[in-house]
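The values are calculated or read from the model by the stated rules, or taken from the named source; none is laboratory data. The model shown is predicted, which means the values in this text are computed figures rather than measured ones. Positions of Cβ are backbone-derived with ideal geometry, glycine not excepted, and every protein chain shown enters the neighbour counts. Side chains are part of the model used for accessible areas, which takes the heavy atoms of the whole protein and leaves out ligands, DNA and RNA. Shrake-Rupley method; radii C 1.70, N 1.55, O 1.52, S 1.80 Å.
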Amino acid sequence: MKFDTAAIHVGQEPDRETGAVIPPVYLTSTFAQLEPGKTRGYDYTRSGNPAFDRLGATLAHLEQAKFATVFGSGMAAVTAVISTLSSGDQVLAEENIYGCTYRIYDKVFKKFGVTISYVDLSDPANYAEIEKQKPSLVWIESPTNPMLKIIDIAAVAAACHAAGTELLVDNTFASPYLQTPLALGADISLSSTTKYINGHSDCLGGVVCTNSKDWHDKMVFAQKAVGLNPSPFDCWLISRGLKTLGIRMEKHAANALKLAGFLEGLACTAAVRYPFLPSHPQVELARKQMRGGSGIVTALFDLPFEKVVKLVSSLTLFALAESLGGIESLVCHPASMTHASIPKAEREAVGITDGLVRFSVGIEDADDLVADIQTSLNNL
Ligand SMILES: *Cc1c(COP(=O)(O)O)cnc(C)c1O
């Protein structure tokens, strides 16, 4: 079954009892047992609900995984994976990982003796660190946030396996429509389903996909033992959103490429990053491991702080908001929003300069999005 067919049908068969084409959502915390200990497959929603199984079945298929476990948020999925580590374990991560993943290692799990080190894994010369440090797990994202670096998943997976360790890929930015990390050799593909997978900015969720029975058992245990389960209704919403993932990603990618080209042609931009722009330093690698460039475009405006703030505040179609991956366009100015609490010198050292703007390009008409930015620039 091809992607778009599977997204609609796998795990989403009509309800056996009533024939309802859209399976019902069981909003229940607990399930009546037939005899003590004898259930119909479910006992308590923290450890399972039909909505979890349906969404998990679709996601496993789309990620080319044997197993998928769903969680209450992307961070719950991250917590589930880290909760399997022990004091003394070390994780080696790509230097550009999602801010909250960085924070949970630093502020929560460090106290329990799990350590993390960072290296630039877009540079193959640094693969040697995997062999040298022999970490318990290697953790990457590709494309990275917000600079959209591409990490060679197949090459990093090979380096991990040669060193006797495993690779986790946070696939949130690409979505399984554009990139399937397990097929490239990764051991775990984790996503915040809050973003492209749900796609409608109306709930939070997370998923961990794997072909390893051992990892799967650990994830199922973490879901119930740590209390990381999603809500059945949110899974129902995510299943609904997921059905249109393919068609949405095509439009996100087409719009983003068009917008990136427009931004690159402006006199007031110093640089524009988009994985499928010919000027991206890793465009060949991006084309090799991704089906499209996804919907995030990062532009470096050659404008002072105040003008950039005015630009992002005066857009009418791009809502000024954190997050990404919804059908509606969003814009984020990291220097005054996500990274505002970091001292200027420190954030500039990691590339978060005053002129940096991240667009999450939605599926509106691209001409309207371009016109919105042009109008704001004209009024600066
Ligand atoms: C948003 C995000 C997360 C966290 O997901 P939540 O659903 O917000 O908890 C993790 N990784 C990446 C790359 C993200 O963009």
| request: Be a star and scan region 281-324 for residues whose amide nitrogen sits under 20 Å from the point 7 Å along the Cα-to-Cβ vector of A158. | output: 282-291
| request: Compute, for V108, the solvent-accessible surface of its heavy atoms (probe 1.4 Å) with the complete set of protein chains present, and express it in square angstrom to the nearest 10. | output: 50
| field | Of V370, T353, P304, farthest towards positive along the dipole that unit charges on Lys, Arg, Asp, Glu beta carbons give region 246-378 | value | T353
| request: Rounding to the nearest 20 debye, state how big the charge dipole of the chain is about its Cα centre with +1 on each Lys and Arg Cβ and -1 on each Asp and Glu Cβ. | output: 560
| message | Given contacts defined as C-alpha pairs under 8 Å and at least six residues apart, what's the relative contact order of region 3-242, whole-number percent? | response | 25
| field | Within region 246-378: Cβ-based charge dipole about Cα centre, in debye rounded to nearest 20 (Lys, Arg +1; Asp, Glu -1) | value | 380
| Solvent-free Debye scattering, log10 I(q)/I(0), computed from the Cα coordinates of region 1-125 at q = 0.17, 0.20 Å⁻¹ | -1.02, -1.15
| query | Under 20 Å from the 7 Å Cα→Cβ point of M337, by amide nitrogen: which residues of region 247-270? | reply | 252-253, 255-264, 269-270
| Intensity falloff of the chain expressed as log10 I(q)/I(0), Debye formula with alpha-carbon point scatterers, at q = 0.07, 0.08, 0.09, 0.15 Å⁻¹ | -0.32, -0.42, -0.53, -1.36
| remark: As straight-line cross-link partners of K110, the qualifying lysines (C-alpha separation under 21 Å, not fewer than 8 residues apart within one chain) are K134, K218
| query | What does the helix-only formula give at 222 nm for the chain: each DSSP H stretch with n ≥ 4 adding -39500 (n - 2.57), the total divided by the residues, and the result rounded to the nearest 500 deg cm²/dmol? | reply | -10000 deg cm²/dmol
| query | Between region 172-222 and region 224-302, how many Å separate their Cα centres? | reply | 16
| query | Along region 20-35, what does the Karplus equation 6.51 cos²θ - 1.76 cosθ + 1.60 (θ = phi - 60°) give for ³J(HN,Hα), rounded to whole Hz, x for Gly and Pro? | reply | 3, 5, 9, x, x, 9, 8, 8, 9, 8, 9, 10, 5, 9, 6, 9
| request: Could you compute the FRET efficiency for E348 and T375, with r as their C-beta to C-beta distance and R0 at 30 Å, rounded to 0.05? | output: 0.55
| Gained length - R240 relative to D43, 0.36 nm times residue gap less alpha-carbon distance | 68.4 nm
| request: Find the accessible area per residue for the chain; the probe is 1.4 Å, ligands and nucleic acids are left out, and the unit is Å². | output: 42
| Taking the alpha carbon gyration tensor of region 246-378, what are the square roots of 5 times its eigenvalues, largest first, to the nearest whole Å? | 22, 18, 14
| field | Selection from V331, G113, S313, by position along the positive dipole direction of the chain (Cβ) | value | G113
| Tell me, what ³J(HN,Hα) does each residue in region 102-117 have, in order and in whole Hz, if you take phi through Karplus 6.51 cos²θ - 1.76 cosθ + 1.60 with θ = phi - 60° and put x for Gly and Pro? | 4, 5, 5, 5, 5, 9, 10, 7, 4, 4, 9, x, 8, 10, 9, 10
| request: Starting from one equal scatterer on each C-alpha and no solvent at all, send me the Debye-based log10 I(q)/I(0) for region 326-380 at q = 0.13, 0.16, 0.27, 0.30 Å⁻¹, two decimals. | output: -0.43, -0.60, -1.00, -1.09
| task | Could you look at the chain and say what percent of its accessible area is carbon and sulfur, using a 1.4 Å probe and all protein chains? | result | 55
| Can you give the three extents of the C-alpha atoms in region 122-244 along their principal axes, from longest to shortest, in whole Å? | 45, 33, 22
